[in-house]
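*Asks:* The structure under discussion is supplied below as structure tokens; questions concerning it will follow.
The values are calculated or read from the model by the stated rules, or taken from the named source; none is laboratory data. None of the values given here were measured: they were computed from a predicted structure. Every residue, glycine as well, gets a Cβ built from its backbone with ideal geometry; the counts of neighbours run over all protein chains shown.
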Amino acid sequence: MFQVSKANKVALCSLTAVLALTAVTSFAPVSAAEPQLNLPKALPAPRATRPADCVADQLLVMASGTADQDDFSESMQKVHGTVIETIGEAGSLVYVVQTEKGKMVETERQLAKDENIAVVQRNWKMKVDVVAPPAVNDPFFPAQWHIPGVNAAAAWKVPNGNGNRAIIGVMDTGVNYRARDMQGKAYVGYDAVANKMGQSASTDHGSLVSSTAASQTNNKINGAAVAPGAMIYPIKISNAKGEISEAAIIRGIDFAGKKGIRILNLSANAAPPHSLSNRQDHPAFHNIADWYHNKKNGLLIVSSGNDGMQDSSPLSPNIMVVSGLNPLFSLASYSNYGSNVWLTAPASNIYCTNAAGRVTVVSGTSFAAPCVAAVAAMVLGRKPTLKNTDIERILVQTRYKAGGQEYTPYYGFGLPNAHAAVLKAI
């Protein structure tokens with residue numbers, strides 16, 4: 001049963017869920033030697049959480065296992081709630097409930113005490129903020145330090161080690177699949193906001209993330225991708241302003257699971273302590289993530305966020321959170337970190353392609369997540385019969401460790417080694 005104290009309910013409404021991208025124009029070269037993850041000498045200074053937002057007069061609700069449809073309907077009638085959408089399937093149904101105007105908090109309080117209700121939470125909103133960086137016009141593979149950073153180019157030489165048409169679902173702001181360097185690499189996709197097939201890019205963010213993972217490579221245009229043989233399935237979860245509701249995320253995961261998309265990238269998060277790793281704040285999200293992982297054999301990869309804060313949420317077996325590195329293989333100053341982190345990957349000074357097909361230099365944990373998603377796709381492409389737990393095991397067993405340590409709150413288990421990973425996928 002999901003319960004929130006009165007004090008926490010007040011606090012939750014004032015928290016933010018913002019993911020920021022930072023534009024940069026410089027980069028540091030990386031040597032061919034094995035990267036050495038540098039442990040921070042001191043914890044970053046704590047930062048204040050930002051105010052959050054949720055969809056007005058709307059709740060995400062799940063019925064208890066003992067409640068039938070009549071029981072649930074009766075509970076909705078008591079609070080004058082209207083079910084406007086049902087997401088998921090039996091055992092993991094999420095109801096999007098419209099409350100009476102101005103009575104969301106009161107309705108949430110009542111439903112939290114109702115024995116017919118297992119989960120009630122607000123439909124939290126997240127946002128991707130893109131700072132438009134300058135465009136560059138030349139091929140930039142030599143500057144793409146993130147590719148040798150995860151030892152990807154060596155993996156390309158292994159048979160089927162480049163991703164081999166494995167599909168990465170990118171839940172983001174949409175992808176321009178017609179842009180140069182993305183032509184033939186992305187499906188038309190699905191719009192989880194409008195709940196319809198087909199999508200378009202509302203901001204550059206989704207295209208930048210997608211091109212980091214899988215774009216045309218070795219074509220003398222723009223740069224390369226970590227998994228050039230993989231394919232992108234765009235799942236749009238944002239409106240025109242780049243705002244993302246939790247209901248859209250749940251809808252996107254549900255679609256991907258039913259579509260058979262095995263790898264999902266989500267380059268958005270909320271600020272700690274109320275990040276997506278916090279099961280108490282996001283029970284509906286965790287329920288669908290558990291379903292996707294345990295029932296649909298999926299791998300959900302999520303960026304840690306750009307607040308420079310520690311996240312005390314526990315490590316989830318079904319949500320692979322990724323922190324971000326700078327070109328010195330140290331924790332990026334903006335990257336969130338903590339006990340919820342699975343892996344780390346390059347995040348700063350990443351050269352990728354925007355929705356207009358131009359090379360763009362960006363930073364943010366938004367780009368660490370697709371690096372990991374791409375390596376996972378390379379493993380899956382090498383051996384498509386692998387289970388998601390097999391892929392997780394391979395990523396952990398073959399990673400570069402931080403200072404020889406098995407786990408740290410900055411880098412999780414460490415940095416993926418794509419070459420070693422695909423060699424183990426036999």
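*Asks:* Which condition number does Ala186 fail, the rest of (1) touching a Phe, Trp or Tyr at 6+ places or on another chain (Cβ under 9 Å); (2) in contact (Cβ under 8 Å) with a residue 24 or more places away in the chain; (3) among the aliphatic types (A, V, I, L, M); (4) more than 20 Å from Ala377 (Cβ to Cβ) being met?
*Replies:* Of (1) touching a Phe, Trp or Tyr at 6+ places or on another chain (Cβ under 9 Å); (2) in contact (Cβ under 8 Å) with a residue 24 or more places away in the chain; (3) among the aliphatic types (A, V, I, L, M); (4) more than 20 Å from Ala377 (Cβ to Cβ), only one is false for Ala186: (4).
*Asks:* Conditions first: (1) crowded, with 16+ Cβ neighbours inside 10 Å; (2) of a type in the set (S, T, N, Q); (3) part of a helix (DSSP H, G or I). Gln77 passes all but one, so which condition is the exception?
*Replies:* Of the numbered conditions (1) crowded, with 16+ Cβ neighbours inside 10 Å; (2) of a type in the set (S, T, N, Q); (3) part of a helix (DSSP H, G or I), the odd one out for Gln77 is (1).
*Asks:* How many residues are farther than 16 Å from Ser210 by Cα and either buried (at least 24 other Cβ atoms within 10 Å of the Cβ) or under 14 Å from the mean Cα position of the chain (by Cα) (or both) if we restrict to the range 223-246?
*Replies:* Adding up the residues that qualify gives 3.
*Asks:* Are there any pairs with C-beta distances below 6 angstrom linking a residue in the range 261-272 that is free of Cβ contacts under 8 Å to residues at least 60 places away in the same chain and farther than 15 Å from Arg251 by Cα to a residue that is aromatic (Phe, Trp, Tyr) and surrounded by 24 or more Cβ atoms within 10 Å (Cβ to Cβ), with the two at least 6 apart or on different chains, and if so which?
*Replies:* none
*Asks:* Cβ-Cβ under 6 Å, sequence separation 6+ or interchain: first residue in the range 73-85 and touching a residue at least 40 places away in the same chain (Cβ under 8 Å), partner outside any helix (DSSP H, G or I) and among the acidic types (Asp, Glu). Which pairs?
*Replies:* If the second residue must be outside any helix (DSSP H, G or I) and among the acidic types (Asp, Glu), the pairs left are Ser75/Asp114.
*Asks:* Any idea which of Ser313, Ser348, Ser277, Ser335 is in a loop (DSSP other than H, G, I, E, B), touching a Leu at 6+ places or on another chain (Cβ under 9 Å) and under 23 Å from Val193 (Cα atoms)?
*Replies:* Step by step, each of Ser313, Ser348, Ser277, Ser335 is checked, and only Ser277 is in a loop (DSSP other than H, G, I, E, B), touching a Leu at 6+ places or on another chain (Cβ under 9 Å) and under 23 Å from Val193 (Cα atoms).
*Asks:* Given (1) in contact with a strand residue (DSSP E or B) (Cβ under 8 Å, 6 or more places away or on another chain); (2) crowded, with 24+ Cβ neighbours inside 10 Å; (3) farther than 24 Å from Thr173 by Cα, identify the lone condition not met by Ser363.
*Replies:* It fails just one condition, (3).
Residues are listed down the side, and each one gets a yes or a no for (1) basic (Lys, Arg); (2) farther than 24 Å from Thr389 by Cβ; (3) touching a Pro at 6+ places or on another chain (Cβ under 9 Å); (4) at pLDDT below 95:
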| position | (1), (2), (3), (4) |
| --- | --- |
| Asp204 | no, yes, no, yes |
| Ala256 | no, no, no, no |
| Ala270 | no, yes, no, yes |
| His274 | no, yes, no, yes |
| Lys295 | yes, no, no, no |
